[in-house]
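The values are calculated or read from the model by the stated rules, or taken from the named source; none is laboratory data. Note that the coordinates shown come from a computational prediction; the quantities given were computed from them, not determined experimentally. Ideal geometry is used to build each Cβ from the backbone, glycine not excepted, and the neighbour counts take in all protein chains shown.
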Amino acid sequence: MAELRNVCVYCGSNDGTSPEYAAAAQILGRDIAEAGIRLIYGGGSVGLMGIVARTVLENDGKVTGIIPQFLKDREVMLGEASELVVTADMHERKRIMFERADAFVALPGGIGTLEEVVEMMTWAQLDQHEKPILIANVNGFWDPLVDQFRRMADDGFLRKDFLGEHVALPVRFCDSAEDVIPTLQDAVADLPQPALDERAGLM
């Protein structure tokens, strides 16, 4: 049985307009640390990503920040992270984040957050990995995206089971930050360890 050891969190480099977003980031950071899971994230110190990372550290957890050189200064890299990896470009950053993670979570965020989580979904749809992907729909933030997925399925552009629990398309949804870690732990426990490791050289 596989174990959730490292979780990659995609989220905004801004706090967002609703206090629910920052609160969710704090809850997730606390739960990651308390579960003994290492956070893999984009390396910044600002916005939701900074809140998640700092909360993990404040609760004696481990954080690996992965950030490309050109964003190192712009996003104010979190110097106190347990491990910092500076990459040459975005492609290397995404490859390392994928390799290090056992599962992926999307909190609210902007275009970068959307692009990263959808890329993980694309790879899953193409059978390039079976690592669980979870969209944390805090405050209904991702409702329009979920509706678009349903439209894609209804109009024949997306397999119907993509939004279910088909093992090869492991996309899940939850509305509460408290549900993120338990949901991912259950999802990972259903997979053999090779499912988490065998595609590590994907990019």
### Task
With the condition kept exactly as written, say whether any residue in the stretch 14-23 is farther than 24 Å from Ala189 by Cβ, in contact with a Ser or Thr (Cβ under 9 Å, 6 or more places away or on another chain) and either modelled with pLDDT under 95 or surrounded by fewer than 23 Cβ atoms within 10 Å (Cβ to Cβ) (or both).
no
### Message
On the basis of being surrounded by 15 or more Cβ atoms within 10 Å (Cβ to Cβ) and in a strand (DSSP E or B), does Leu71 make the cut?
### Response
no
#### Entry: Filter pass, Gly61 being more than 25 Å from Leu191 (Cβ to Cβ), part of a loop (DSSP other than H, G, I, E, B), touching a helix residue (DSSP H, G or I) at 6+ places or on another chain (Cβ under 6 Å) and not aromatic (Phe, Trp, Tyr)
no
### Query
Residues Asp190, Asp143: which one is surrounded by fewer than 18 Cβ atoms within 10 Å (Cβ to Cβ), at pLDDT below 90, over 12 Å from the mean Cα position of the chain (by Cα) and of a type outside the set (A, V, I, L, M)?
Asp190
### Message
I need the full set of residues from the stretch 120-140 which are over 22 Å from Asp190 (Cα atoms) and either of a type in the set (Val, Ile, Thr) or under 11 Å from the mean Cα position of the chain (by Cα) (or both), in order please.
### Response
Val138
### Residue list for the stretch 98-120, filter: in contact with a helix residue (DSSP H, G or I) (Cβ under 8 Å, 6 or more places away or on another chain) and buried (at least 18 other Cβ atoms within 10 Å of the Cβ)
Phe98, Asp102, Ala103, Phe104, Val105, Ala106, Leu107, Pro108, Gly109, Glu116, Met120
#### Entry: Every residue from the stretch 22-55 that is among the hydroxyl-bearing types (Ser, Thr, Tyr) and within 15 Å of the chain's Cα centre (by Cα)
Tyr41
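One line per residue, one yes/no per condition, for (1) over 24 Å from Glu119 (Cα atoms); (2) in contact with a Pro (Cβ under 8 Å, 6 or more places away or on another chain); (3) outside any helix (DSSP H, G or I); (4) β-branched (Val, Ile, Thr):
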residue: Ala2; (1), (2), (3), (4): no, yes, yes, no
residue: Val9; (1), (2), (3), (4): no, no, yes, yes
residue: Asn14; (1), (2), (3), (4): no, no, yes, no
residue: Ala22; (1), (2), (3), (4): yes, no, no, no
residue: Gln26; (1), (2), (3), (4): yes, no, no, no
residue: Arg30; (1), (2), (3), (4): yes, no, no, no
residue: Ala33; (1), (2), (3), (4): yes, no, no, no
